[in-house]
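A.B. asks: This is the structure I want to talk about, given as structure tokens.
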Amino acid sequence: MTRPTIPARILPRAAALGAALLAAQPATAFPLISEVFYDAVGSDDGQSFVELHGTPGTVLDGWTVEIVNGADGEVATTLALLGVIGPGGLYVVADRLADGTTAVAGADLLLNFDFQNGPDSLVLRGPAGVADAVGFGVFEAGMVFAGEGTPAPDVPAGSSLARHFADLDTDDNALDFGELPVPTPGSARLVPEPGAGALAMVGAFGLVLLGRGRVRCSLPPLR
């Protein structure tokens, strides 16, 4: 049987993700951007959302999410957050329809906004400054990437961009985020507890990275 050739460029990413999982601790005391749905099939109206993960009870008054245009680095929209992160550790900001409702189930805050389809960035700011950021898409020369490390992939219409683990942040968007074919606002997977199960998951993710060049959150299921 012919053994598959493993691209050399994939090996560091597989090793980095495995090491991050094995050494995983709570990423930070700050909330993190855990999932973004920016391109629905058809109209985005009332369907776009940003999900945050953080410590339950964290007060988000005074926090903002900035949508940064990759073409020129200008902040196209600023979402002013209100309220607290609920008992499940997740908080969802959803686009509001003209009638005041949204198609996003279980949203914690409704605001009127619209994403461009990339390349763009989202920046989460708190009282102490930037807490997290993610940029996605292909940033050509002269464009402005406001995320962390290297950009996450631009996902197809109908899929969301999500952290592989909502509470794991390596400060590299390309490593932390991947395509989630079915968006899951208000639901996320956390870093597994240490043990045999965690080691098995590290191996599974390494194989996915080696074979595909990135982790799809549906293999194995993350949410």
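Read-outs throughout are calculated quantities, based only on the coordinates presented, and are distinct from any laboratory measurement. In this text, all values refer to a predicted model and were calculated from it rather than measured experimentally. Glycine also receives a Cβ, built like all others from the backbone with ideal geometry; neighbour counts cover every protein chain displayed.
A.B. asks: Taking K and R as +1 and D and E as -1, what net charge do the other residues with C-beta under 10 Å from the C-beta of residue 65 add up to? Walk me through the intermediate numbers first.
C.D. replies: On the way: positive: 125; negative: 66, 132.
Here the charged neighbours net out to -1.
A.B. asks: Cβ under 12 Å from residue 107's Cβ, residue 107 left aside: what net charge do those residues give with Lys, Arg +1 and Asp, Glu -1? Spell out each step's value before the answer.
C.D. replies: Details: positive: 96; negative: 51, 95, 108.
Within the 12 Å Cβ shell, the charges total -2.
A.B. asks: Order of 167-173, 68-74 by packing, highest average Cβ count within 10 Å first?
C.D. replies: On the way: 167-173: 19.7, 68-74: 15.9.
Top of the packing list down: 167-173, 68-74.
A.B. asks: Is segment 153-193 best put as rounded, prolate or oblate by its Cα gyration tensor, with a ≥ b ≥ c the root eigenvalues, rounded for a/c under 1.5, and otherwise prolate when a/b is larger than b/c, oblate when not? Spell out each step's value before the answer.
C.D. replies: Details: a/c = 2.96, a/b = 1.29, b/c = 2.30.
Since a/c reaches 1.5 but b/c is at least a/b, the shape of segment 153-193 is classed as oblate.
A.B. asks: Let me ask something else. Within segment 72-110, name every residue whose backbone N is under 17 Å away from a label modeled 7 Å from Cα of residue 64 along the Cβ vector.
C.D. replies: 73-83
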